[in-house]
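For reference, the structure discussed in these notes is given below.
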Amino acid sequence: MSIRLPTPRAVLFDLDGTLADTAPDLAAAVNKLRTDRGLAPAPYEQLRPLASAGARGLIGVAFGLTPTDEGYEALRTEFLSNYAASIAEGTTLFDGVDTLLKKIESLRIQWGVVTNKPARYTDALLPLIGLQHAACSISGDTTAHAKPHPEPLLEAARRLRVSPEACWYVGDDLRDIQAGNAAGMVTIAAGWGYCGHSEPQHWQADCIANQPSALLALLTQA
């Protein structure tokens, strides 16, 4: 890989679609809304690409509703209840993530999680998938703003006592890259996530890593 990036003091990650494949449980939660109403489940292949968008994206696909539509908020509340009840039934780390995190730790680089998932779900999920030892965990309601605003990333840097410029931020959604760029961090699009590796070419990330092993290679070259 020809690109060389500055060595980070911390690597921050989005959660859904970057560290963890949470789509199976998120899809199950929205499909329970459908089956409880006598509707057939929405095809998983239609739901999976929207997993990083949470309730907004999944309810949009499954019911054709937006947050401003009548009935959306009731569905959202029920969706979140379904998700909380089965938050780690099918969720796993993406292949190679565990190896990547262990290597980061061996390099004495801090790593943390910055997600738009509300803290009550982040805090419940991380221990169940072996990520409880993250150096920091910033959720969508930790600060007054969620991504694409840079404040969650800046808060993570403050908690880790590193400058934003010494951080890499890795995510699989446009808003991750927008937030990272606004925070002054090195941004890396996770091409193994729900976005795939072609869409991020338009996001103005510093780099695209198509597999966790490619991110590992960037770290060892930095």
In nanometres, the difference between 0.36 nm per residue of separation and the alpha-carbon distance of GLU73 and ASP98 is 5.4 nm
Across all directions of projection, what mean area in square nanometres is found for the Cα convex hull of the chain? 11.5 nm²
Based on DSSP H runs of at least 4 residues, each adding -39500 (n - 2.57), what is the mean residue ellipticity at 222 nm of the chain after dividing by all its residues, to the nearest 500 deg cm²/dmol? -12000 deg cm²/dmol
Beyond 19 Å, the calculated P(r) of the stretch 23-85 holds a percent of Cα-Cα pairs equal to 17 percent
Determine, from the Cβ-Cβ distance of ASP36 and ASP141 and an R0 of 41 Å, the FRET efficiency 1/(1 + (r/R0)^6), rounded to the nearest 0.05. 0.90
Taking a straight Cα-to-Cα line shorter than 17 Å from LYS102, and setting aside same-chain lysines fewer than 8 residues away, one finds none
For LYS147, counting only lysines whose alpha-carbon sits under 26 Å away and dropping same-chain residues fewer than eight positions off, the answer is LYS117
Size of charge dipole - the chain - debye, nearest 20, with Cβ of Lys, Arg +1 and Asp, Glu -1, no other charges: 540 debye
Going by the alpha-carbon gyration tensor, a ≥ b ≥ c the square roots of its eigenvalues, is the stretch 155-222 rounded (a/c under 1.5) or, if a/c is not under 1.5, prolate (a/b greater than b/c) versus oblate? oblate
Counting only C-alpha contacts under 8 Å and six or more residues apart, can you give the relative contact order of the chain as a whole percent? 25 percent
Estimated dipole of the stretch 141-222 in Debye, rounded to 20 [Cβ of Lys and Arg +1, of Asp and Glu -1, Cα centre]: 220 debye
Any idea what the dipole of the stretch 85-185 comes to, in debye rounded to 20, about its Cα centre with Lys/Arg Cβ at +1 and Asp/Glu Cβ at -1? 320 debye
Could you work out how far helix 174-183 tilts from the main Cα principal axis of the chain, as a 0 to 90 degree angle to the nearest 10? 40 degrees
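All of the numbers you see were taken from the coordinates with simple rules; none came from a lab. Quantities reported herein were computed from a predicted structural model and do not represent experimental measurements. Reconstructed Cβ throughout: ideal geometry from the backbone, glycine too, with neighbour counts over all protein chains shown.
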